[in-house]
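Here the structure is laid out as structure tokens; the discussion comes afterwards.
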Amino acid sequence: MKQTTVFDCKLIDLPKKHAGNGNITAVNNFLEVPFDIKRVYYLYDVPGGEARGGHGHKELMQLIIAATGSFDLIVDDGKVKKTFQLNKPFQGLLMPSGLWRELENFSSGSICLVLASCPYDENDYIRDYKDFINYKNAL
Ligand code: TYD
């Protein structure tokens, strides 16, 4: 589980239903995501073109969606880096635990919606890239 690689990330299409004036997308536990969603958070008011600092998670699994606008999600397993451009509210990047991630190139007004498998826990974070490499090598 922890010996995950960037190739375990999956870009998934979410159901998009035209409902009245607009669309609706629903995400269900164990249906569109292979885990129980325990937390939802979203990043917003990121200045256009800017990036968020990177970090890794030991256990957390996430589905990351550009609910509005676009940004680049760079995933890194210590050996390989892969960039996904997220720009559709009906698409999400399913990210397993054990990867380093960075968010870059936010479009102005974009919203990064994250559906997460665990409550917030600072002990689950790896905030230093060298620590992340050591963590992966020790597995
Ligand atoms: P963090 O996950 O470090 O975001 P980024 O890597 O994009 O900067 O979170 C930034 C701050 O927000 C950090 O002090 C912890 C806090 N935070 C919470 O309190 N709850 C949460 O669910 C999240 C994701 C962050």
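The values are calculated or read from the model by the stated rules, or taken from the named source; none is laboratory data. Since the structure is predicted, the reported quantities are computational estimates derived from the model, not experimental observations. Cβ placement follows ideal geometry from the backbone for every residue including glycine, while neighbour counts extend to all protein chains displayed. Side chains included, ligands, DNA and RNA excluded: accessible areas come from the protein's heavy atoms. Shrake-Rupley method; radii C 1.70, N 1.55, O 1.52, S 1.80 Å.
Number of residues in the range 2-22 that are on the phi < 0 side of the Ramachandran plot and part of a loop (DSSP other than H, G, I, E, B): the value is 10.
Open to solvent by 40 Å² or more (accessible area, probe 1.4 Å), under 12 Å from the mean Cα position of the chain (by Cα) and of a type in the set (D, E, K, R): does that describe Glu50? It is false that Glu50 is open to solvent by 40 Å² or more (accessible area, probe 1.4 Å), under 12 Å from the mean Cα position of the chain (by Cα) and of a type in the set (D, E, K, R). Could you please let me know if Ala26 is open to solvent by less than 60 Å² (accessible area, probe 1.4 Å), under 13 Å from the mean Cα position of the chain (by Cα) and not hydroxyl-bearing (Ser, Thr, Tyr)? No: the conditions fail for Ala26. For the residues Cys118, Cys112, the requirement of being under 16 Å from Pro47 (Cβ atoms) and within 16 Å of the ligand (Cβ to nearest atom) singles out Cys112. Being part of a loop (DSSP other than H, G, I, E, B), of a type outside the set (Val, Ile, Thr), more than 14 Å from Leu11 (Cα to Cα) and open to solvent by 50 Å² or more (accessible area, probe 1.4 Å) is a property that Leu139 has. The residue list Thr68, Thr4 contains one member that is of a type outside the set (A, V, I, L, M, F, W, C), open to solvent by 60 Å² or more (accessible area, probe 1.4 Å) and away from the ligand (no atom under 16 Å from the Cβ), which is Thr68. The number of residues in the range 23-52 being part of a loop (DSSP other than H, G, I, E, B), under 17 Å from Ala66 (Cα atoms) and not charged (D, E, K, R) comes to 9. Selection of first residues in the range 41-57 that are touching a residue at least 24 places away in the same chain (Cβ under 8 Å) and within 9 Å of the ligand (Cβ to nearest atom) and of second residues that are open to solvent by 30 Å² or more (accessible area, probe 1.4 Å) and assigned to a loop (DSSP other than H, G, I, E, B), restricted to Cβ pairs under 6 Å at least 6 apart or on distinct chains, gives the following pairs, ordered by first then second residue: His55/Arg127.
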